[in-house]
Number of protein chains: 2
Amino acid sequence: MKLQVTQENLNRALGSVARVANTRNTLPILANVLIKTSNNRLSLSATNLDIAITHYIGAKVSDEGSITVPARLMQDFINSLPDGVINLQLDDSKLKIKTDQYQSTVNGIAADDFPVMPAITTGESWTVSASTLKKGLQQVVFAASNDETRPVLTAVLLHTSGGELRMAATDSYRLAEKNIGKNNNDIHLLIPASAMHDLLRILGDGTDDVHITHDDQQVLFQVGDVELVTRLVDGKYPDYQKLIPTSFSTEATLKRADLVNVTKVSSLFARESAGSVTIELSEENQTLSIRSVASQLGENTAEATAKVSGEGSITLNSKYLLDALSVLSSDEVIFSFNGKLEATLLREADNKDYNHIIMPLKG
Amino acid sequence: MKLQVTQENLNRALGSVARVANTRNTLPILANVLIKTSNNRLSLSATNLDIAITHYIGAKVSDEGSITVPARLMQDFINSLPDGVINLQLDDSKLKIKTDQYQSTVNGIAADDFPVMPAITTGESWTVSASTLKKGLQQVVFAASNDETRPVLTAVLLHTSGGELRMAATDSYRLAEKNIGKNNNDIHLLIPASAMHDLLRILGDGTDDVHITHDDQQVLFQVGDVELVTRLVDGKYPDYQKLIPTSFSTEATLKRADLVNVTKVSSLFARESAGSVTIELSEENQTLSIRSVASQLGENTAEATAKVSGEGSITLNSKYLLDALSVLSSDEVIFSFNGKLEATLLREADNKDYNHIIMPLKG
């Protein structure tokens, strides 16, 4: 293997793939990135056996070949080099990296030992715009669970329902659902949230379309020169749509920034009580007030002006409230509930595509 | 106690003092900040028994009084409030904090229980410009040791020698010394490096003079409306000046940015070897080259153009080299040594006020 690439391209490709490589894995080669020529392209790949990412870049290839090298060292090293041409040459299992000023030898492991994800040979295929997919994922993915004892809840559900493509995630304390547009396919995919975090990183600020292909076991996302394959989660996702309330006894519409501020201040006094804050809506005063009590430290009440219909109070985890508010993008938000014991709904005032539900705490 | 202050002033004062308060202390009141009126001023103080900081701000005082309240909660809370007037009122040991939108009650502990640092009644006094003191501390303080088993090395030495005021710090692997100007007093103070970190924070971008007063036990720094008192370290500081070499067999002058870059890249390959890199100067090629070897991962050689006199190589800890380079402010730096076993000296090419010594590793 012998070739020339630009530092910019090699650095970008390592930035896409290296994070999937993992030194904590029991298989040492999984800490490596696979570098492989193919005509005048170079592919860089990394995998943790659940997720695999490949990034293709242009290269001036003199001799074809392939090798795997430690991903983190390679990424840090190439990232520290100045702009310009980098010469790569393989000598047995040693990769020689040369620029005007720098000469390095990185010890590799033969490419034959690198695990290959099975290809998706047959399967449905469709397209989503990168910006729509990115916005939707950002609003949904954090609501997935980290608890590996209930694997389905660690997934993001991507599915069609009523001719619309929807994403949903829940950890059973909160639930986020986003409608990302019309789609007439029959889709029902449980995609690991961790893979969706990697996809978000790859989507970056790109404006390309994303091509999605799946079979029963895996799904492939193709964005520009990058491919991400992930296994699907097996299991039955809860029928979440019936959990989203549709009518409310109590509702407030207010500036998102105001609700963020009063919640942040209140949350300071809620550290002892696992984030618990009580929100009270007053139709008479047209206010939303939020109260927190720290038995040792003191207490706090904060108030914001709101358009309120109905009266009532509900106790929530302020962290979940702040998480949800941070992904709503409208100036005004609608906060609705039915009594102390039922789910609250947060929405954007000017857009019904996104629903965020938070379950109440016992007040 | 009843008064009004602006959010801006109260926030600034809490920013100065709160970090000294410490919840890990065995004495719960040391996690608190002391708030005390005095005519139309309010003082905020915190102490960890070694260091005490007091910040004075203007206030509209209706009733005099004092109380201590949890420093971290108070700082986070006041910092989250919007600009404007804050009303403080004491009700038994409860501090009521009120703005248009927010009402809080913070539980306090009576001010009588707050430890008071002994005052410096007699002692020498002199003045240094804040910018000179800040620059000097930044170049010196990180070289002090964290090892509490040799207390004198955890201090910064501030002393006069030959009519000049000098600062020095060493952890026995490296040594930094800065000359900060003429001074005819007889000064020899061992000041805890931790107190100097706090002083750096207080100095900020201020241009005030710093008034320094000391007795045998303590030293007081007064900067604008802030006072910092710290105990002094007891012990005999090593006679470091004789460790600074004055003539060299091998010397390179080169761009600081170049030396930073080649050292950073080399250090990536030095992770396995505790940062060890070998620097070689070539008079023939007029180059400085730096080499690192990671037995498992590979190796790297990087080269920079330099004005070189003499030949030779030396092995150093790349972390210490990068630390030193990050506080040199000149475009060009001078790197000098006498063979493999003696200390290297780093200096600014245009300024002889700062000496940085690094001891070699066994190559």
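The values are calculated or read from the model by the stated rules, or taken from the named source; none is laboratory data. Predicted, not measured: the structure shown is a model, and the values here were computed from it. Positions of Cβ are backbone-derived with ideal geometry, glycine not excepted, and every protein chain shown enters the neighbour counts. In case anyone asks, the SASA skips ligands and DNA or RNA and just uses the protein heavy atoms, side chains included. Shrake-Rupley method; radii C 1.70, N 1.55, O 1.52, S 1.80 Å.
At a threshold of 10 Å², the residues of region B:69-104 that become less accessible to a 1.4 Å probe in the full protein assembly than in their chain on its own are B:Pro70, B:Arg72, B:Leu73, B:Asp76, B:Phe77, B:Ser80, B:Gln101, B:Tyr102, B:Gln103, B:Ser104. Annotation: for a label point projected 7 angstrom from Cα along Cα→Cβ of A:Lys319, residues of region A:147-184 with backbone N closer than 13 Å are A:147, A:173-174.
A simple count of charges around A:His55, restricted to other residues whose Cβ falls under 14 Å of its Cβ and scoring Lys, Arg +1 and Asp, Glu -1, yields 0. Shown for A:Ser329: label points 7 Å from Cα along the beta-carbon vector, and their distances to the equivalent points in the other copies, 4.4 nm in ascending order. Taking the protein heavy atoms of the protein assembly as shown in the context of the full set of protein chains, the accessible area attributed to carbon and sulfur is 44 percent at 1.4 Å. Prolate is the label for region B:74-225, because a/c, from the alpha-carbon gyration tensor with a ≥ b ≥ c as root eigenvalues, is 1.5 or above and a/b exceeds b/c.
With R₀ fixed at 25 Å, the C-beta to C-beta distance from A:Lys98 to A:Asn40 puts the FRET efficiency at about 0.80. Extension gain for B:Ala349 to B:Asp50 (0.36 nm times residue separation, less C-alpha to C-alpha distance): 103.8 nm.
Here the protein assembly as shown is treated as a Stokes sphere of Kirkwood radius computed over C-alpha pairs; at 10 °C and 1.306 mPa s its diffusion coefficient rounds to 52 µm²/s. Taking the Cα centre of chain A as origin and assigning +1 to Lys and Arg Cβ atoms and -1 to Asp and Glu Cβ atoms, the resulting dipole is close to 500 debye. Among residues other than B:Val260 with Cβ under 15 Å from its Cβ, the summed charge is -2 (Lys and Arg +1, Asp and Glu -1). A simple count of charges around A:Ala349, restricted to other residues whose Cβ falls under 15 Å of its Cβ and scoring Lys, Arg +1 and Asp, Glu -1, yields -2.
The rotation axis taking chain A to chain B passes closest to the C-beta of one chain A residue; that residue and the distance in whole Å read A:Arg24, 15.
Provide the FRET efficiency to the nearest 0.05 for the A:Thr246-A:Glu148 pair, computing r from the beta carbons and using R0 = 30 Å. Between A:Thr246 and A:Glu148 the formula returns 0.35. Would you please classify the overall shape of region B:64-118 from the alpha carbon gyration tensor, given that a ≥ b ≥ c denote the square roots of the eigenvalues, rounded means a/c under 1.5, and beyond that prolate means a/b larger than b/c while oblate covers the rest? Verdict is prolate for region B:64-118. When the alpha carbon coordinates of region B:2-113 are projected onto the principal axes, the ranges are 37, 26, 22 Å, largest first. Label separation (A:Leu341 vs B:Lys236): 7.9 nm, computed from points 7 Å beyond Cα along the C-beta direction.
Considering only Cα atoms, the convex hull volume of chain B works out to 168 Å³ per residue. Accessible area per residue for chain A is 46 Å², calculated with a 1.4 Å probe on protein heavy atoms, without ligands, DNA or RNA. For B:Asp83 and B:Asn22, the FRET efficiency from 1/(1 + (r/R0)^6), where r spans their Cβ atoms and R0 equals 30 Å, is about 0.55. Evaluated at q = 0.11, 0.16, 0.20, 0.21 Å⁻¹, the base-10 log of the normalised Debye intensity for region B:244-358, with identical point scatterers placed on the Cα atoms, takes the values -0.31, -0.66, -1.06, -1.17. Shown here: region B:128-218, whose C-alpha atoms stretch 35, 29, 25 Å along the first, second and third principal axes, sorted largest to smallest. Between the listed residues B:Ser336, B:Ser125, B:Thr68, the Cα displaced farthest toward the positive end of the dipole of the protein assembly as shown, a dipole computed from Cβ unit charges relative to the Cα centre, is found at B:Thr68. Determine the distance separating the Cα centre of region B:308-361 from the Cα centre of region A:62-102; give it in Å without decimals. A separation of 30 Å, based on Cα centres.
Put simply, when B:255-266, A:105-116 are sorted by average Cβ atoms within 10 angstrom per residue, most first, you get B:255-266, A:105-116. For A:Lys96, the lysines whose Cα falls under 26 Å of its own Cα, not counting residues fewer than eight places away in the same chain, are A:Lys2, A:Lys36, A:Lys60, B:Lys264, B:Lys319. Close Lys pairs in region B:124-242 (alpha-carbon distance under 21 Å; sequence gap of 8 or more, or different chains): 7. Here the sum of -39500 (n - 2.57) over DSSP H runs of 4 or more residues, divided by the residues of the protein assembly as shown, equals -5500 deg cm²/dmol at 222 nm, to the nearest 500. Simple spin-label estimate for B:Lys362 and B:His211 gives 5.5 nm between the two label positions (7 Å along the Cα-to-Cβ direction from each Cα). Summed over both chains, the contact between B and A buries some 2500 Å² of accessible surface at a probe radius of 1.4 Å.
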